[in-house]
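Data first, discussion second: the structure below is written as structure tokens.
The values are calculated or read from the model by the stated rules, or taken from the named source; none is laboratory data. Just so we're clear, the structure is a prediction, and the values are computed from it rather than from any experiment. Glycine also receives a Cβ, built like all others from the backbone with ideal geometry; neighbour counts cover every protein chain displayed.
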């Protein structure tokens, strides 16, 4: 089994440390560097304390001969990492959310121009990806859809990238927008949440949560509820590991874990 050398971008954050543990446990991976814009250049301790790898606040300083960069930062950090990695001929897996359509277009151009793999996913939890798939499958049987997403208080973007993916998949499966009801008298502005293709979306933020998405379809006399809960950040690691192994095989831009899950 060929070894894949990995650098983590956003390595000192909660997701970065979880990715470091997952990479370190993989028999076919080797953690060779860590970068974080908030870090003091120095050493990054391996998860089991057995040694260190170089740490810098600049990805360019530690990318070396890596085959894959894994980015869990934010939209600005992700596009910067994609530019740096692709220019060096290094593949990249991006878990940062909040990317714009322009960012996706640039990612596609970077992948083509530099002949590297760029893999972006709004959610790496396998169950969340299945929720998107099921939403698309069930949507054509219903007229109404309400989506609630709940995350920890430090999440920057709202709604979540996964919530947007769920709403878009539902609209695609339905073949058009859902019926969106409006309150005759909204006593507090925004109470009905935002709307995408007729799917009403509500975002909640507070401590004690990781990532939770609940989609409720409705039609005459019945509802159908689809829900996924990520209880801890470890839930994202099987998807991240899968993406690292696949991105080295597939030059070009790939968006969404469903594309390598055989759905």
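Here are the numbers:
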{"quantity": "Scan of the range 207-227 for residues that are more than 15 Å from the chain's Cα centre (by Cα) and within 17 Å of residue 130 (Cα to Cα), ordered by number", "calculated": "214, 215, 216, 217, 224, 225, 226, 227"}
{"quantity": "Total residues in the range 23-40, condition touching a helix residue (DSSP H, G or I) at 6+ places or on another chain (Cβ under 7 Å) and at pLDDT below 95", "calculated": "2"}
{"quantity": "Single residue of 176, 239 found to be at pLDDT 95 or above and part of a loop (DSSP other than H, G, I, E, B)", "calculated": "176"}
{"quantity": "Residue 64 vs. criteria at positive phi and either assigned to a strand (DSSP E or B) or assigned by TED's automatic domain parsing to the domain that holds residue 239 (or both)", "calculated": "yes"}
{"quantity": "Options 162, 148; residue that is in contact (Cβ under 8 Å) with a residue 24 or more places away in the chain and buried (at least 22 other Cβ atoms within 10 Å of the Cβ)", "calculated": "162"}
{"quantity": "Test: residue in the range 116-139 that is assigned by TED's automatic domain parsing to the domain that holds residue 202 and more than 28 Å from residue 234 (Cβ to Cβ)", "calculated": "yes"}
{"quantity": "Count - residues of the range 30-52 that are surrounded by fewer than 21 Cβ atoms within 10 Å (Cβ to Cβ) and more than 19 Å from residue 82 (Cα to Cα)", "calculated": "14"}
{"quantity": "Matching entry among 11, 34, 39, 22 (being without any contact (Cβ under 8 Å) to a residue 60 or more places away in the chain and either farther than 24 Å from residue 247 by Cα or in a helix (DSSP H, G or I) (or both))", "calculated": "39"}
{"quantity": "Criterion: buried (at least 18 other Cβ atoms within 10 Å of the Cβ), modelled with pLDDT of 95 or more and within 28 Å of residue 151 (Cβ to Cβ) - qualifying residue of 62, 93", "calculated": "93"}
{"quantity": "Filtered residue count, the range 230-263, keeping only those that are in contact (Cβ under 8 Å) with a residue 40 or more places away in the chain and over 16 Å from residue 95 (Cα atoms)", "calculated": "7"}
{"quantity": "In the range 91-138, the residues that are closer than 30 Å to residue 224 by Cα, within 17 Å of the chain's Cα centre (by Cα) and in a helix (DSSP H, G or I)", "calculated": "126, 127, 128, 129, 130, 131, 132, 133"}
{"quantity": "Out of 199, 240, 210, sole residue that is surrounded by 19 or more Cβ atoms within 10 Å (Cβ to Cβ), at negative phi, touching a helix residue (DSSP H, G or I) at 6+ places or on another chain (Cβ under 8 Å) and not assigned by TED's automatic domain parsing to the domain that holds residue 96", "calculated": "199"}
